[in-house]
Structure formats: C-alpha cells, structure tokens
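*Asks:* Let me begin by handing over the structure; questions about it come next.
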Amino acid sequence: MAELYGRDLITSQDWSVDEILETIDLAKKLKATVKRGERPERLLDRKNFFMVFYAPSTRTRGAFEAATAILGGHAPFIDVSTTRLKAGEATKDVAKMYDAYADGIGVRILDKSIDYVYGDGRKIVEQFAEVAKVPVINMACCTYHPTQAIGDIMTIGNKIGDVKGKKYTITWAYASQPRGRCSIQEEVLIATRLGMDVVLAHPPGFEIDPRIIGMAKANARGSGGSLEVSNDFEDALEGANVVFPRSWATAEFLKMGQTAFGLEKEIKIHDKYKNWRLEQKHVNDIMGKPAIVTHVLPVLRGEEATDEVMDGPNSVIYEQAEDNFYAKMAVLAQTMSGKV
C-alpha cells in the first residue's frame, strides 16, 4: 500500500493516481467486510478525528462519524457556532489546539458559511493544514471535495467497468437557489486523471475556476483522457456513459458573494435556463450504453432532474452515497492508522 499515514487530503490532486486507486481498493475491502456482517480491524483504536463544521451536512458528518467509530475511534463534532472562532479567535490558534487533542482533523466550510465568496473556504482549510502536524482532511470547501470524488469514482467503476475512455458529462442543471461548485470541480479533476473523456456543460456565465480547467487539461494530457467545455445541454449528453446534473452559481456571484451580488439577481439568471433539467427522455434517447446518472446529493428534485430520472433504473445515487461512506473510511484508515 502507498504510504499515506500522516498525509493531508485537501484535493484529490494531492495524491497520486496509484494512491487514489489503492484507497478505492481498500474502500471495497472494508465494504465487503461490513457486508459480511463482520467488523473491520480497529485501525483507529483510541484515536480522535476532530470534525470542524462551519457549514451544515447531511451525509458528510454522518459518514465520517460512523466510519471513525467502526474503525474503533472517536469523532467529536465541532459546530463552529459553539466555538470562539466567530468571535475573533484566530484560526491558527484553534488549529494548533486541535492538533494537540486529535490524531486527525476534518474541516468543512463552504457556501453560506463564507457568504459564497469563492476561495475563502479553501484558505481556512489550508490554514489548518499549515499549522497542524496531524493529517487534515478537506470535508468540502468552496473549491474541493476530495473524499466525495474518490467515492464517486468507486461507484462509477463498479457500474461501468474500466473508466478509461468512457464519456463523463458533468452538467450544470437548473436550481432555484445558488450552490457552490466544489463537487463539480473535484469531479472534473479526478475523472481527467483517470483517463475519462469529460464534458463540462453549462450556460454562459457559469464558468468554473480557470485554474481547475488548466489542471484538468494537464491531467487529461497525462492520462489519455480529454476535457471539453460546452454551452449546449443536449449536445453534451450525446453518448455519455455517466451524467452528473448539478447546479452551481455564476462566476460573478461567487466572485462577489451573496451580500454584494444579490441573491435575487442571481436567481433571475438561473431562471433563464429552466430547460437545463435532466429528464428520462435524455437518458433513453441521447445518452450512451452503458449509462448511469450520478449525483452527490442533495438533489433538487424537479429542478436539476426529475423524480423519474433520480428514482429510475439508471440512477446510482444511493449506491454512490454508500460508497462515499467506505471511501471516507478508507481515507481515515490510510492517513491516521499507519497500519495499512
């Protein structure tokens, strides 16, 4: 196994392709063990994983907390609103203290917790990583969501086989509320590293971070994959083996933040593109074979995609959520135990 003990995970770009694949392999083994009704080795016995949440979560908190417990450790949940951080305490001071208390630290900070200002969340995660000697895991910031991407690729491989050369369409989809783009950007990065032919589709004005585009193009050159950007929804779906329909905010909104740009103004822009919604006719008539529909959840049903799609035979959203649990477990085991 790769030596990942003590390593941070801010983005999937931090780890080599071999390290990512070995992490997925470990996640599959952990999943098989649990499915047999057995308990994995207590790799985190008497170890603490401090989870620092600036932003709320449905799956990420539950998955990390349960994964730590199954491996024999403890995952204290730190709601930042109950700390002194918002009262002016320096991030580096808190990071230094938690470094002394814990064997690993997770940080989640995005969207409303940073007024949607792109880059502010990533800077906080990086401050924790700079100060702490224990591994720091990015549980989602404004820019990256690495454990999500690792779990998603695990599911995609399980469903369609070898991912190299398969077409993966990551498309903006209509929503009546703004959301950040961390999952979108991390998917673009990991898929291009693994040789997929990635199409990023969005209306004008919804461009993602140009640095991510540059990194993804370099990834594709190294892996034999490709990256294409399209402003045509149906054309981007043509022949796709995997489609991920997910809303994200305009580049201008994320540059200025909700307070400066204005929520009402942003929603009016979204409303121009209500036809960017994944429907079963797209899956049946346009996508390739095999074809699966993914989503990181929460999916905004009836907006990003119809219930028929999300509950249909091509949807893998629940298996994806489960695989993300084991991917997080594998990341914790690799970075905190020193035994794998």
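*Asks:* Looking at GLU238, GLU228, which one is farther than 19 Å from VAL283 by Cβ, of a type in the set (Asp, Glu) and in contact (Cβ under 8 Å) with a residue 12 or more places away in the chain?
*Replies:* Details: GLU238 fails: farther than 19 Å from VAL283 by Cβ.
It is GLU228.
*Asks:* Which members of segment 278-308 meet the condition of being assigned to a helix (DSSP H, G or I) and basic (Lys, Arg)? Can you show your working first?
*Replies:* Looking only at segment 278-308, we keep the residues that are assigned to a helix (DSSP H, G or I), and these are 280-285, 307-308.
Residue satisfying the conditions is LYS281 alone.
*Asks:* Examine segment 230-243 for a residue that is on the phi < 0 side of the Ramachandran plot and within 18 Å of the chain's Cα centre (by Cα), and state whether such a residue exists. It would help to see each step written out before you state the result.
*Replies:* Going residue by residue through segment 230-243, those that are on the phi < 0 side of the Ramachandran plot are 230-238, 240-243.
With the extra rule that they be within 18 Å of the chain's Cα centre (by Cα), the set shrinks to 242-243.
Looking through segment 230-243, at least one residue is on the phi < 0 side of the Ramachandran plot and within 18 Å of the chain's Cα centre (by Cα).
*Asks:* Okay, moving on. State yes or no: is PRO56 outside the structural domain of ASN158 (by TED's automatic domain parsing), in a loop (DSSP other than H, G, I, E, B), surrounded by 14 or more Cβ atoms within 10 Å (Cβ to Cβ) and of a type outside the set (A, V, I, L, M)?
*Replies:* Values: outside the structural domain of ASN158 (by TED's automatic domain parsing): yes; in a loop (DSSP other than H, G, I, E, B): yes; surrounded by 14 or more Cβ atoms within 10 Å (Cβ to Cβ): no; of a type outside the set (A, V, I, L, M): yes.
So PRO56 fails the test.
*Asks:* Would you call ASP152 among the acidic types (Asp, Glu), touching a residue at least 12 places away in the same chain (Cβ under 8 Å) and crowded, with 24+ Cβ neighbours inside 10 Å?
*Replies:* On the way: among the acidic types (Asp, Glu): yes; touching a residue at least 12 places away in the same chain (Cβ under 8 Å): yes; crowded, with 24+ Cβ neighbours inside 10 Å: yes.
In short, yes.
*Asks:* Among the numbered criteria (1) over 27 Å from ILE190 (Cβ atoms); (2) part of a strand (DSSP E or B), which one does GLY72 miss?
*Replies:* It is condition (2) that GLY72 fails.
*Asks:* Residues of segment 250-271 being outside any helix (DSSP H, G or I) and surrounded by fewer than 14 Cβ atoms within 10 Å (Cβ to Cβ), which ones?
*Replies:* GLY262
The values are calculated or read from the model by the stated rules, or taken from the named source; none is laboratory data. Bear in mind that the values here come from a model prediction, so they are computed numbers and not experimental data. Cβ: placed from backbone, ideal geometry, glycine included. Neighbour counts: every protein chain shown.
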